[in-house]
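Comments concern the structure below.
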Amino acid sequence: MASKCKYMQCLNQITESEMIVMQQTFRITDEDGIHARPATALVNTANKFKGAESFAEANGKKVTLKSILGVLSLGLEQGDTISIIVEGEGEAEALQALTDVMVNEGLGEINA
């Protein structure tokens, strides 16, 4: 699976149900943090992958990436760290698409 990942190091884990979980961590670089416009871009991208569950985790809080209120509730500011976690059908493609949004929209950089 990791060979499908363009910008990222993929963390593959097998859960009890043998579902693959992929994760990528970013440092927020946008001076405005994650506000309504970028949150909408992330939510719209996550919702394109019906068979995958996508989550964002930051500051000890984990929310679904399929809800704009969830994403905004993280209150992410420049310099914060966010982990994007995807599991289910098409997880590699979903994580790649979400990574593309983060990087190409200038929201964050991969936190190696």
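Numbers below:
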| quantity | calculated |
| --- | --- |
| Some residue of the stretch 90-103 being over 14 Å from Arg27 (Cβ atoms), aliphatic (A, V, I, L, M), modelled with pLDDT of 95 or more and surrounded by fewer than 14 Cβ atoms within 10 Å (Cβ to Cβ) | no |
| Residue match in the stretch 68-77 (condition: modelled with pLDDT of 95 or more, open to solvent by less than 70 Å² (accessible area, probe 1.4 Å) and in contact with a Gly (Cβ under 9 Å, 6 or more places away or on another chain)) | yes |
| Lone unmet requirement of (1) surrounded by 14 or more Cβ atoms within 10 Å (Cβ to Cβ); (2) within 17 Å of Leu107 (Cα to Cα) for Asp32 | (1) |
| Top-ranked residue in the stretch 37-47 [being without any contact (Cβ under 8 Å) to a residue 40 or more places away in the chain and in contact with a helix residue (DSSP H, G or I) (Cβ under 7 Å, 6 or more places away or on another chain); ranked as nearest to Gly90 (Cα to Cα)] | Val43 |
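The values are calculated or read from the model by the stated rules, or taken from the named source; none is laboratory data. Since the structure is predicted, the reported quantities are computational estimates derived from the model, not experimental observations. Using ideal geometry, Cβ is built from the backbone for each residue, glycine included, and neighbour counts are taken over all protein chains shown. The protein model used for the area step is the full one, side chains on, heavy atoms only, and it has no ligands, DNA or RNA in it. Shrake-Rupley method; radii C 1.70, N 1.55, O 1.52, S 1.80 Å.
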